[in-house]
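This report refers to the structure that appears directly beneath it.
Each reported figure results from applying straightforward, stated rules to the coordinates on display, with no laboratory input. Since we're looking at a predicted model, the values are computed, not measured. Backbone-built Cβ (ideal geometry, glycine too); neighbour counts: all protein chains shown.
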């Protein structure tokens with residue numbers, strides 16, 4: 001390091017002439033000096049430096065705040081690491097808005113009064129040389145600029161970005177008037193009637209180096225305090241405090257003294273700032289979500305967001321503690337800057353990276369938006385926010401029947417929160433954090449899709465509920481409500497029916513006005529009236545199924561195709577689902593060849609992993625299938641087989657009457673259709689056409705019907 005003096009901001013610290021300072025950890029050494037007080041005060045160079053400035057700060061960013069104090073480099077790194085105990089006006093640096101919906105505009109008042117410095121005579125007459133051997137400090141304060149600063153932070157909550165922009169403009173215009181109000185005039189001067197209405201909406205927080213009896217909390221009080229500021233420093237500025245100081249290296253006075261070996265590079269300081277700002281923004285976004293009116297109705301969402309915010313606060317504290325330990329040893333020359341690079345690298349490999357935080361928060365925001373859209377669609381239906389709210393309705397003696405639209409999947413494991421918690425547990429000390437001893441585990445490449453990703457059945461359930469509620473709105477003995485009850489058998493949502501406080505069925509299907517009866521099609525032309533165009537869902541296709549250029553024909557191969565990982569992809573059974581979820585009357589045809597294929601339908605929730613029946617078409621309660629072989633057909637559902645003693649044909653027709661609860665299979669030839677079998681069931685969610693190949697070389701294709 002060079003031998004030049006260093007200029008730094010005092011930041012509310014009592015830094016006086018002759019005070020020792022350690023630049024390795026940015027701390028001052030009280031009670032130890034190179035001179036006695038009498039010698040120190042002799043021959044001081046004192047000059048008057050009167051200056052007054054004010055600025056309007058429209059940004060609440062940490063970058064702009066440090067800029068307001070002219071803080072940069074290593075001192076900024078110490079602030080970010082929490083090494084410095086900030087005082088007076090410098091507390092403004094840590095005054096961060098908890099919400100992105102808050103509009104903030106700050107008035108900065110700066111005043112300087114005098115400049116004091118030691119002379120060369122004093123520097124050359126050190127009285128206590130033992131200080132050099134103690135190595136407790138690297139510099140000595142040789143000059144001080146006195147004055148004071150004040151920050152008036154005006155804050156108003158807004159509902160959205162558009163309102164925030166409008167409020168910011170009006171707020172800035174009002175604040176610009178404050179320095180122009182003459183001394184002795186009333187605070188209302190220049191304030192219009194419209195302004196008076198607006199100033200009632202925002203609050204004021206004061207951070208300053210002045211002694212005032214009471215901090216201002218609103219605009220008019222802020223005006224009164226601002227007008228008093230010049231007089232608060234005393235008639236001759238005797239109450240001014242250090243605002244900037246100059247540090248002289250001790251090694252320039254004696255080679256035995258400790259020295260500052262290196263500063264922290266601006267690039268690394270910028271990276272540190274980015275990490276901490278991202279943590280602050282993630283916590284702020286979580287806080288905003290918690291204050292959402294929809295979240296207030298669903299406590300489980302609020303609990304998860306609160307947990308995330310708490311975890312982020314813990315990580316931020318650990319990261320800052322690691323910084324506070326690394327920075328001094330780098331500046332003292334005990335370690336290279338690589339130690340700080342390693343800490344930043346540890347962060348980039350942790351589950352706390354900005355991209356991972358954002359992904360989780362995006363999913364939570366989507367979940368909240370889905371809940372809001374559904375509750376808005378059921379306008380007027382009360383939401384039971386807690387089990388006690390639900391019980392108060394169920395056991396109300398004046399209510400016989402309760403129809404409850406139930407969100408069934410809000411209670412689920414949060415792998416990301418578990419990983420964050422585990423990472424913090426492994427990193428109990430800052431050393432663990434610095435050495436990256438807590439690798440990221442638990443987040444698989446194929447993460448389960450959120451419950452709201454497939455909302456087809458939820459839409460149907462919502463429509464049933466709304467129509468049934470409308471049809472029974474005059475029934476005083478029936479109450480319609482919204483609640484959260486965990487039920488894995490009905491993913492997403494269901495309608496629960498209660499009578500006299502007891503659950504009758506967790507999957508109630510309301511009886512609405514029936515559709516006019518539709519005769520069963522008899523001829524192929526009649527079936528073609530219900531023809532639907534289907535598209536294979538390539539995110540579900542098994543890796544041993546080779547897809548044709550037009551995505552219509554698929555053939556089972558011995559080798560695996562290089563399809564990307566996806567949670568919806570079948571892993572064991574060579575099968576594929578179509579994209580379309582069917583809930584009406586639909587007809588489609590499939591051509592097949594080879595030793596055997598399976599043609600049918602499945603619920604979206606059919607298994608994807610493992611070689612068991614849960615993921616095999618027709619062998620579970622979530623799918624129905626026709627197995628086609630050269631020797632004939634078999635119909636499968638829930639692992640029960642029905643043999644069809646009919647010779648097979650290369651084309652099969654499938655007719656689904658979802659409302660009527662039937663699924664029919666037909667052998668199709670150019671001039672006729674032969675009915676093979678009809679399955680009957682009560683369908684409660686959309687069904688997806690599904691296809692599977694039994695052996696290598698088997699192929700199937702969706703026919704283009706006109």
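General observations
- One Cα centroid belongs to the stretch 613-648, the other to the stretch 294-347; the line between them spans 55 Å.
- Helix 299-331 and the longest principal axis of the Cα set of the chain meet at an angle near 40°.
- Neighbour counts of other Cβ atoms within 10 Å put 672, 97, 59 in the fewest-to-most order 672, 59, 97.
- Gyration tensor (alpha-carbon) shape descriptor, the stretch 247-395, a/c threshold 1.5: prolate
- Taking 20 °C and 1.002 mPa s as conditions, the stretch 638-706 diffuses translationally at an estimated 151 µm²/s according to Stokes-Einstein applied to its Kirkwood radius (Cα pairs).
- When the helices of the chain are scored as -39500 (n - 2.57) per DSSP H run of n ≥ 4 and the total is divided over every residue, the value at 222 nm lands at -9500 deg cm²/dmol.
- Burial order of peptide ranges 385-393, 576-584 (average beta-carbon count within 10 Å, highest first): 576-584, 385-393
- Here the relative contact order of the stretch 188-263, from alpha carbon pairs under 8 Å that lie six or more residues apart, stands at 18 percent.
- Neighbour counts of C-beta atoms inside 10 Å place 538, 171 in the sequence 538, 171, starting with the fewest.
- D (Stokes-Einstein, µm²/s), Kirkwood Cα radius, the stretch 23-134, 0.692 mPa s at 37 °C: 186
- Value of relative contact order over the stretch 6-260, rounded to a whole percent, pairs C-alpha under 8 Å and six or more apart: 30
- Computed from the C-beta positions of residue 398 and residue 291, the FRET efficiency with R₀ = 30 Å rounds to 0.30.
- Given (i) 14, 31, 27, 18, 9, 1; (ii) 16, 48, 34, 2; (iii) 18, 49, 26, 7, 0, the label whose value is P(r) over Cα pairs in 20 Å bins from 0, in percent derived from this model: (i)
- Two-decimal Rg to Rh for the stretch 6-260 - Kirkwood Rh, Cα set: 1.05
- Under the criterion of Cα pairs below 8 Å and six or more residues apart, the relative contact order for the chain equals 11 percent.
- Scattering profile of the stretch 573-683 at q = 0.16, 0.17, 0.19, 0.22 Å⁻¹ [log10 I(q)/I(0), Debye over alpha-carbon scatterers]: -0.71, -0.80, -1.01, -1.36
- The alpha-carbon atoms of the stretch 275-321 define a convex hull whose volume equals 46 cubic angstrom per residue.
- 0 to 90° range, to nearest 10: angle between helix 161-177 axis and the chain longest Cα axis: 20
- The alpha-carbon positions of the stretch 295-359 define a convex hull whose volume is 76 Å³ per residue.
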